Amino acid sequence: MANRYYPKDGDLSVLADSTVGVLGYGNQGRSQALNLADSGLSVVVGNRGDDYRKRAEEDGLPAFDIPTAVEKSDVLLVILPDEVQPTVYSEVIEPRLKEGGTLCFAHGYNVFYDYLKPRPDMDVVLVAPKMIGPAVRTWYVDHKHFPTVVGVDQDASGSAKDKMLALALGMGGMGPAFESTFEEETITDLFGEQVGGGAGLVGTIRAFQALVEAGYDPEVVQLELYGSGELVEVMRLHQTEGMINQLNNHSPTSGYGQLLRASQMIEDQSGLEGARKVVEELRDGTFAKRWSKVQQDDYAEMEKLRKRFAADPLFDAERTIRELLKTDIVHEDNQHIERTEAG
Ligand code: NDP
């Protein structure tokens, strides 16, 4: 089992004499920079001179262009989109890095796939929040640590792990921090997105097709599948109560039906074979190479895929239900008061 680290395991004083540069002030960058600064670390932000940099200044953080922020920093968090990191790193960051500094990433992708090769004198660590960017900030403000996956890829100084834990502590990411590697974080993260998200999309499209073919109303079907928001509540229960235990919140008919269909579907090994193939294509770099090619081709294949799925009749029903559910029906003292967006 992975080592797990809690707030008591980190020591912020390790970074007391360091300037921590946060490159990128987007979803993750803003939250991480604010949390680290509120934890008492000396933080500077590096961003292009646009609204994002202005926002950092308005938030009270010293903000510079990327080259200046790199020159000022001893510890550098590279929180730029994964697609741009290799070019920005080789052209702008590396020539300005202080000797013997620390590089920290929020996702292992570029280092694991060798698109970005840090200089040997650097400590290279990973602090990957398992949390969306805005929540990284709200959890911190609520005095709660969110979970992270952390790892050391290069330990030039001998104290890379201490710095990694100090960064995880400072950003509020010890709820707990699971010790891992750049490889494990990359493969599991991509797999979760691709198989979780991909299977969810296909399962929903197939379910919609089967019910509509059988003559049922597309809007009622879409409402049932995910339009009502009930699924979001069930997912929350998966996390808080466990996937099987949460069945107690459903009727016995529903619970039995779910278990029966799961037991029938699990007999079909093709899903497992498909999942194993995805792991293989992530590990051997097939997916990463394909994704790089898509970027070079100006995202043509991505656009084609998006169009292919967006044309499914499911999304006509989705549009209607989303529109209808904008009506806010408030339940007060057993009276139903209907408020439309117009007032
Ligand atoms: P965003 O797209 O929200 O932020 C990107 C930031 O990078 C912005 O400040 C943007 O500023 C800047 N930027 C974009 N393009 C360039 C460029 N070509 N040159 C210089 N700066 C650029 O990204 P995220 O915060 O979502 O992701 C950043 C990292 O965090 C990634 O490694 C991602 O995998 C990781 N991560 C993200 C999670 C999430 O929930 N989003 C969760 C865990 C990890 P501007 O365009 O104004 O110049």
| field | Estimated distance in nm for a label pair at K326 and T286, the labels positioned 7 Å out from Cα along Cα-to-Cβ | value | 4.3
| message | Over the chain, with a Gaussian network built from C-alpha contacts below 10 Å, which listed residue (N249, N27, N47) shows the highest mean-square fluctuation? | response | N249
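With only Lys, Arg, Asp and Glu charged, each at its Cβ (+1 for the first two, -1 for the last two), find how big the charge dipole of the chain is about the Cα centre; round to the nearest 20 debye. Don't skip to the end; give the middle numbers.
Details: 34 positive and 56 negative charges, 66 e Å.
Charge dipole, the chain, about its Cα centre: 320 debye, nearest 20.
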| note | The lysines whose Cα lies under 16 Å from the Cα of K293, excluding any fewer than 8 residues away in the same chain, are K304
| note | Between the alpha carbon centres of segment 145-204 and segment 94-130 the gap in Å comes to 14
| Given 10 Å bins starting at zero, what is the percent of C-alpha pairs of segment 114-251 in each, up to the one with the largest pair distance? | 10, 26, 29, 19, 12, 4, 1
| field | Most positive-pole-ward Cα, V124, L237, I321, against dipole of the chain from beta carbon charges | value | V124
| task | For the chain, build the charge dipole from Cβ charges (+1 Lys, Arg; -1 Asp, Glu) around the Cα centre, then report which of G196, G24, G175 sits farthest towards its positive end. | result | G24
| task | Mind listing the long-range amide H neighbours of V45? Cut-off is under 5 Å, sequence gap 5 or more, other chains count too, H placed in the peptide plane at 1.01 Å from N. | result | V22, A63, F64
| In Å, what is the Rg of the alpha-carbon atoms in segment 227-336, and how long is Dmax? | 20.6, 60
| said: At 0.36 nm per residue, and after removing the present C-alpha to C-alpha distance, how many nm does the segment from L201 to S254 gain when stretched out fully? | reply: 16.9 nm
| task | Find how many whole Å separate the alpha carbon centroid of segment 241-261 from the alpha carbon centroid of segment 1-53. | result | 42
| message | Amide H of K117 versus every other amide H placed in the peptide plane: which residues, excluding those fewer than 5 positions away on the same chain, fall under 5 Å? | response | none
| Put a dot 7 Å past each Cα toward the Cβ at E83 and D50; how far apart are the dots in nm? | 1.2
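Treating only the Cβ atoms of Lys and Arg (+1) and Asp and Glu (-1) as charged, compute the dipole magnitude of segment 95-189 about its Cα centre; round to the nearest 20 debye.
Working: 9 positive and 13 negative charges, 83 e Å.
For this selection, approximately 400 debye.
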| request: Taking the Cα centre of segment 1-158 as origin, sum charge times position over the Cβ atoms of Lys and Arg (+1) and Asp and Glu (-1), and report the length of that vector in debye to the nearest 20. | output: 400
| said: With θ taken as phi - 60° and the coefficients 6.51, -1.76 and 1.60, list the Karplus ³J(HN,Hα) couplings across segment 144-156 in order, rounded to whole Hz; mark glycine and proline as x. | reply: 10, 8, 8, x, 9, 10, 10, x, 10, 9, 9, 10, 6
| note | Computed ³J(HN,Hα) along segment 37-51: with the Karplus parameters 6.51/-1.76/1.60, θ = phi - 60°, integer Hz and x for glycine or proline, the list is 5, 5, 7, x, 7, 8, 10, 10, 10, x, 8, 4, x, 9, 4
| query | So who's got an amide H within less than 5 Å of the one on Q154, skipping anything under 5 residues away but keeping other chains? H placed 1.01 Å off N, in plane. | reply | V124
| query | Per the Kirkwood definition applied to all pairs of different Cα atoms, how many angstroms is the hydrodynamic radius of the chain? | reply | 23.0
| said: Give me a comma-separated list of calculated 3J(HN,Hα) values for segment 291-296, in order, Karplus coefficients 6.51, -1.76, 1.60 applied at θ = phi - 60°, integers in Hz, x for any Gly or Pro. | reply: 5, 4, 5, 4, 5, 4
| request: Express in nm, to one decimal, how much length is gained between V232 and M302 on full extension, taking 0.36 nm for each residue of separation and deducting their alpha carbon distance. | output: 22.5 nm
| request: Mark the label point 7 Å from the Cα of D121 along Cα→Cβ and return the residues of segment 68-107 whose backbone N is within less than 15 Å of it. | output: 71-75, 94-103
| said: Of the candidates M265, M131, M302, which one comes out as most mobile in a Gaussian network treatment of the chain with C-alpha springs shorter than 10 Å? | reply: M265
| field | Pairs beyond 29 Å (Cα-Cα), from K117/K144; K163/K289; K117/K161; K8/K117; K54/K326 | value | K117/K144; K163/K289; K8/K117; K54/K326
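Computed from the coordinates by the stated procedures, all read-outs in this text should not be read as laboratory data. Since this is a predicted model, take the numbers as computed values, not measurements. With ideal geometry, Cβ positions are generated from the backbone for all residues, glycine too; neighbour counts draw on all protein chains shown.
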